[in-house]
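**Student:** Take this structure, written in structure tokens, and hold onto it; I'll ask about it next.
Rule-based calculations on the coordinates, nothing more; no lab input. Note that the structure is a prediction, hence the values are computed from the model and not measured. Here the Cβ positions follow ideal geometry from the backbone for every residue, glycine too, while neighbour counts run over all protein chains shown.
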Amino acid sequence: MNSRVREVLVETPKLNDFLRNNVGGRGVVDSNENVTMEAFVIKPDMFIQDEELIRLITALPAYERIKENMGILREKVRVLNEVANNLEKAGVYSLQQWDEFTDKESILLMARGILNAALNIAKEKGFVSQLATSVVMEGAYESVYTATWHYVEGVGGEGFGMQVKEGHPPQ
């Protein structure tokens with residue numbers, strides 16, 4: 001619920017996500033975590049040095065779709081950035097604030113759909129975690145509530161023995 005509206009709206013495909021989803025994570029490195037697919041399309045060898053892997057990636061239909069749709073993606077990002085700016089001017093920065101926002105109809109349908117989907121996921125996760133924390137198993141934890149202190153003390157004298165005594169050991 002605290003996710004930022006701008007981050008939800010203007011999510012661009014990332015190189016490492018593409019690699020995880022399409023080539024089993026081959027080529028994923030920490031330094032490329034925030035590299036966009038747009039940057040990779042422009043100069044692939046700047047981010048991946050393995051030429052065989054670059055050939056494999058650039059031959060994938062998923063890569064071709066991204067490459068072909070770069071112009072559309074740029075326009076979508078531009079429009080959604082504009083929507084995010086307008087929402088911020090209206091005081092809407094988080095999904096929680098989007099949930100409470102009363103003028104949703106004034107927001108572009110595509111942006112409303114993205115934000116409502118993210119909000120539903122956030123609410124679902126919150127509901128599930130709330131359910132998980134409120135489950136009480138009757139009798140399962142009784143020993144915790146009725147616990148008492150005991151200690152073991154060696155018994156002097158004959159042989160080796162032990163006995164359990166109630167309370168704390170003498171200091």
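**Student:** Just to check I understand the Karplus step: with θ = phi - 60° and J = 6.51 cos²θ - 1.76 cosθ + 1.60, what whole-Hz values come out for region 92-97, glycine and proline as x?
**Tutor:** So the J values, rounded to whole Hz, are 9, 10, 10, 5, 4, 5.
**Student:** Separate question: With a ≥ b ≥ c taken as the square roots of the eigenvalues of the C-alpha gyration tensor of region 48-133, please select rounded if a/c is under 1.5 and otherwise prolate if a/b is larger than b/c or oblate if it is not? Don't skip to the end; give the middle numbers.
**Tutor:** Details: a/c = 3.24, a/b = 1.60, b/c = 2.03.
It is oblate, given that a/c is not under 1.5 and a/b is not larger than b/c.
**Student:** Mind checking region 1-76 for GluC sites (Glu not before Pro) that DSSP puts in a loop (not H, G, I, E or B) and that have at most 11 other Cβ atoms within 10 Å? Write out the running numbers ahead of the final one.
**Tutor:** Numbers: sites: E7, E11, E33, E38, E51, E52, E64, E68, E75; in loops: E11, E33.
Loop-located and lightly packed - E33.
**Student:** Something else about it: With +1 on each Lys and Arg Cβ and -1 on each Asp and Glu Cβ, and nothing else charged, work out how big the dipole of region 1-111 is about its Cα centre, in Debye to the nearest 20.
**Tutor:** That gives a dipole near 140 debye.
**Student:** Place a point 7 Å from the Cα of S106 along the Cα-to-Cβ direction; which residues of region 1-23 have their backbone N under 20 Å from it?
**Tutor:** 5-6, 9
**Student:** Give me, ordered by chain and number, the residues 5 or more places off T36 or on other chains with an amide H under 5 Å from its own placed amide H.
**Tutor:** For T36, whose amide H was placed from the backbone, the distant partners under 5 Å are L15.
**Student:** Mind checking the full-extension length gain between I54 and K76? Use 0.36 nm per residue of separation minus the Cα-Cα distance, one decimal, nm.
**Tutor:** Contour length minus the Cα-Cα distance gives 5.2 nm.
**Student:** Okay, moving on. Under a crude label model (7 Å from the Cα following the beta-carbon direction), how far is I42 from Q171 in nanometres?
**Tutor:** Spacing of the two 7 Å Cα→Cβ label points: 6.9 nm.
**Student:** Shifting gears a bit: For region 7-99, list log₁₀ I(q)/I(0) at each q in 0.15, 0.18, 0.23 Å⁻¹, using the Debye formula over Cα point scatterers of equal strength and ignoring solvent, two decimals each.
**Tutor:** Log10 I(q)/I(0), no solvent term: -0.66, -0.83, -1.11.
**Student:** Under the rule of at least 5 residues apart or a separate chain, name every residue whose amide H is placed under 5 Å from the amide H of R4.
**Tutor:** none
**Student:** A further question on this structure: Residue by residue through region 5-11, what is 3J(HN,Hα) from phi via Karplus (6.51 cos²θ - 1.76 cosθ + 1.60, θ = phi - 60°)? Round to whole Hz and write x for glycine and proline.
**Tutor:** With coefficients 6.51, -1.76 and 1.60, one gets 4, 4, 5, 5, 6, 9, 7 Hz.
**Student:** Using the Karplus curve 6.51 cos²θ - 1.76 cosθ + 1.60 with θ = phi - 60°, work out ³J(HN,Hα) for each residue of region 114-121 in order, rounded to whole Hz, and write x for Gly and Pro.
**Tutor:** 4, 5, 5, 5, 5, 5, 4, 5
**Student:** What residues have an amide H closer than 5 Å to that of I107, excluding those fewer than 5 places away on the same chain, when H is modeled at 1.01 Å from N in the peptide plane?
**Tutor:** Amide H neighbours of I107: none.
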